[in-house]
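Read-outs throughout are calculated quantities, based only on the coordinates presented, and are distinct from any laboratory measurement. Keep in mind it's a predicted model, so treat the numbers as computed, not measured.
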Ligand SMILES: [Zn+2]
Ligand SMILES: [Zn+2]
């Protein structure tokens, strides 16, 4: 009896998961796409048609979308499709054919002369598939880590709605929001909980041992996270990450060109929990404070991201160069993915992993 009730309840919860709209394949700037399907419903204006097994080709045409189905060409202001099976989205990029697997409902528009694809799915499917995309290889053989990451992403989504107010979707699939590489059908037969407690629900690749504390790297946003280090049983949890230590050598003149100032004194670092907040030095105009977030952004834009991987670094000055000797990758706020992987290897379950990084928070059920 109880089991039966539980099944009914589980079913009700799973079908009640909230829907969300995501702008997908944003990175590729597509004008054209092919969709392989086994079962498909096409909704154009008021008509609805079903098809089995085939290919649908969609491309932008003037201000509209043009689609080809069973060799028939049609044009419409938008096109809506859905399927009960996974769909294969196929497109060309730099002479390569790329395939992605997605499950759900899609709307296609012409947005500023490119094909805008809006993916509507359940928030839990989105959170779960994003967790797999964000974790990459770390997800392998670590179901509790995936679960912890999915709960964290769901919490983030619930706290950050309408990040793209001017568009027809709430989230994009780029680093700006949350990565989503594929989104196949998932058997999530329960509703994912979310975290409550007022901490900042972010995550990053590798902290290097020190997490970012309040009012940290992202200047002015007033982050408040409770955990300061990523240490368990006297061991830095993310030490096996390929980003646990890094070095970047920058020519002094290059740095001066970048900030458009002459550095006329030794650079003094201002730190918070060992993470660099600003670089302070004298210039021809007097004292100068360079925020580390600005430095990372300037170097990133000009010479490539991931050279300065985090704001957890020391600076060594030689005759011609500045040597940045750093630890970790990312902003260091919230959950450290490589650290969380280590905890899941130590048999921590998802609740224990989340408790470790967000000690003041709890799950809402
Ligand atoms: Zn976004
Ligand atoms: Zn870490």
- prompt: So which residue, out of 263, 125, 60, gets the largest mean-square fluctuation from a GNM of the chain using Cα contacts under 10 Å as springs?
  reply: 263
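In units of 2.2 N^0.38 Å, what is the alpha-carbon radius of gyration of segment 86-144?
Working: Rg = 14.3 Å, N = 59, 2.2 N^0.38 = 10.4 Å.
Against the compact-globule rule of thumb, the ratio is 1.38.
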- line: Length-normalised contact order of the chain, Cα under 8 Å, at least 6 apart, in percent, tallies to 16
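Which whole-number percent is the relative contact order of segment 246-326 (Cα, under 8 Å, 6+ apart)? Mind showing how you got there, number by number?
On the way: 127 pairs, mean separation 27.1, N = 81.
This gives 33 percent for segment 246-326.
For the chain, what proportion of DSSP beta bridges, expressed in % and rounded to the nearest 5, is antiparallel?
Details: 82 of 87 bridges.
The antiparallel proportion sits near 95 percent.
Classify segment 230-365: rounded, prolate or oblate, from the alpha-carbon gyration tensor (a ≥ b ≥ c, eigenvalue square roots; a/c under 1.5 rounded; otherwise prolate if a/b is larger than b/c)? Mind dumping the intermediate values first?
Details: a/c = 2.84, a/b = 2.34, b/c = 1.21.
Prolate.
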field: Potential lengthening between residue 306 and residue 259 on full extension [0.36 nm per residue; Cα-Cα distance subtracted]
entry: 15.0 nm
- request: Normalise the Debye intensity by I(0) for segment 108-249, one equal point scatterer per Cα, no solvent, then take log10 at q = 0.12 Å⁻¹ and round to two decimals.
  value: -0.61
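Would segment 246-326 count as rounded, prolate or oblate if I go by the C-alpha gyration tensor, calling it rounded below 1.5 in a/c and otherwise prolate when a/b exceeds b/c, oblate otherwise? Walk me through the numbers on the way to the answer.
On the way: a/c = 1.41, a/b = 1.18, b/c = 1.19.
Judged from the Cα gyration tensor, segment 246-326 comes out rounded (a/c under 1.5).
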- prompt: When the chain is fully extended, how far beyond the present Cα-Cα distance does residue 97 get from residue 19, taking 0.36 nm per residue of separation?
  reply: 25.1 nm
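Using the Kirkwood radius built from alpha carbon pairs, what does the Stokes-Einstein equation give as D for the chain at 25 °C and 0.890 mPa s, in µm² per second? Let's see the in-between values first.
Working: Rh = 23.0 Å.
Calculated translational D: 106 µm²/s.
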query: Can you give the angle from 0 to 90° between the axis of helix 292-303 and the longest principal axis of the chain, with both taken from C-alpha atoms, to the nearest 10?
result: 70
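Report the per residue volume, in Å³, of the convex hull enclosing the C-alpha atoms of segment 17-172.
On the way: hull volume 20.8 nm³, N = 156.
So the per-residue Cα hull volume is 133 Å³.
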field: segment 17-172 - percent relative contact order, Cα under 8 Å, separation 6 or more
entry: 25
query: Helix 2-15: angle to the longest alpha-carbon principal axis of the chain, degrees 0 to 90, nearest 10?
result: 80
message: As I understand it, the value is the acute angle between the Cα axis of helix 123-135 and the longest principal axis of the Cα atoms of the chain; what does it come to in degrees, rounded to 10?
response: 50
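Please label the shape of segment 37-88 as rounded, prolate or oblate, based on the square roots a ≥ b ≥ c of the eigenvalues of the alpha-carbon gyration tensor (a/c under 1.5 means rounded; beyond that, a/b larger than b/c means prolate, else oblate). The partial results should precede the final answer.
Numbers: a/c = 1.93, a/b = 1.55, b/c = 1.24.
Prolate, because a/c is 1.5 or more and a/b exceeds b/c.
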